[in-house]
1. Can you work out the accessible area per residue across segment 5-54, with the rest of the protein chains kept in place, probe 1.4 Å, in square angstrom?
2. Any idea how far the Cα center of segment 1-71 sits from the one of segment 113-159, in Å?
3. Taking a cut-off of 14 Å between Cα atoms, list the aspartates and glutamates near residue 159, but don't count ones fewer than 8 places away on the same chain.
4. Of 132, 110, 93, which is farthest along the charge dipole of segment 39-146 in the positive direction, counting Lys and Arg as +1 and Asp and Glu as -1 at C-beta?
5. Amide H of residue 88: which non-local residues (sequence gap of 5 or more, or other chain) have their own amide H closer than 5 Å, using H built in the peptide plane?
6. Any idea of residue 145's accessible area? Nearest 10 Å², probe 1.4 Å.
7. Using modelled amide H (1.01 Å from N, peptide plane; none on Pro or chain starts), what sits under 5 Å from the amide H of residue 94, excluding residues fewer than 5 places away?
8. What residues qualify as long-range amide H neighbours of residue 58, i.e. H under 5 Å apart, gap of 5 or more or another chain, H built at 1.01 Å from N?
Amino acid sequence: MSTERDGAALGHELSLWVVLYHEQLAARLHVNATEHKVLGIIARTPGTTPGRLVGETGLSNAAITKIIDRLAALGYVERARDPGDRRRFTLTATAAHRRVLGAAMAPMTAGMAEVVQGLDESELAAVGRWLTGTVAVMREAALALAEENRNGGPKETAKLAPAGVHGEAAREGGGP
């Protein structure tokens with residue numbers, strides 16, 4: 001197997017387990033996956049605003065408002081009026097959120113600390129460069145898809161795809 005293939009397979013496996021792990025964290029918090037990711041943004045950027053969340057996620061104003069309302073009702077987010085503009089408010093994750101999330105993540109955090117402990121400075125720097133580049137590419141791709149979807153995006157599915165997009169098997173309802 002080539003190094004490129006190994007990298008692709010590992011990338012797919014990493015993606016799978018990251019998604020499944022975060023679905024389980026969301027379940028532990030009694031939120032859906034989107035609410036969990038928005039909560040993560042709020043936790044990492046205390047004082048953020050709904051408008052910034054719209055820009056960061058590509059979600060609509062209405063969707064962000066609904067998510068904030070739910071997270072506040074669960075006790076995970078606090079709203080505070082912006083002292084400079086009383087029409088606006090800022091968002092901060094609560095201590096309760098940090099406590100519940102910290103407890104749920106403790107085994108994974110400890111495991112990742114062991115992984116990192118085994119890397120030297122040059123390896124850590126290489127991993128850091130790769131992750132930084134990967135995050136930038138994924139963010140750009142996700143926001144581009146969100147914009148395309150908001151604008152009506154392609155309507156095809158595997159069964160409705162134009163010739164050549166998903167191959168003959170897709171048009172026949174089969175797959176790889």
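The values are calculated or read from the model by the stated rules, or taken from the named source; none is laboratory data. What you see is a predicted model, and the numbers here were worked out from it, not measured in a lab. Note: ideal-geometry Cβ built from the backbone for every residue, glycine included; neighbour counts use all protein chains shown. Side chains are part of the model used for accessible areas, which takes the heavy atoms of the whole protein and leaves out ligands, DNA and RNA. Shrake-Rupley method; radii C 1.70, N 1.55, O 1.52, S 1.80 Å.
1. Numbers: 3030 Å² over 50 residues.
Counting only protein heavy atoms, the per-residue value for segment 5-54 is 61 Å².
2. Between the Cα centres of segment 1-71 and segment 113-159 lies a distance of 12 Å.
3. 168, 172
4. 93
5. Under 5 Å from the amide H of residue 88: 82.
6. Accessible surface of residue 145 is approximately 100 Å².
7. The answer is 77, 78.
8. Those lying under 5 Å, H to H, from residue 58: there are none.
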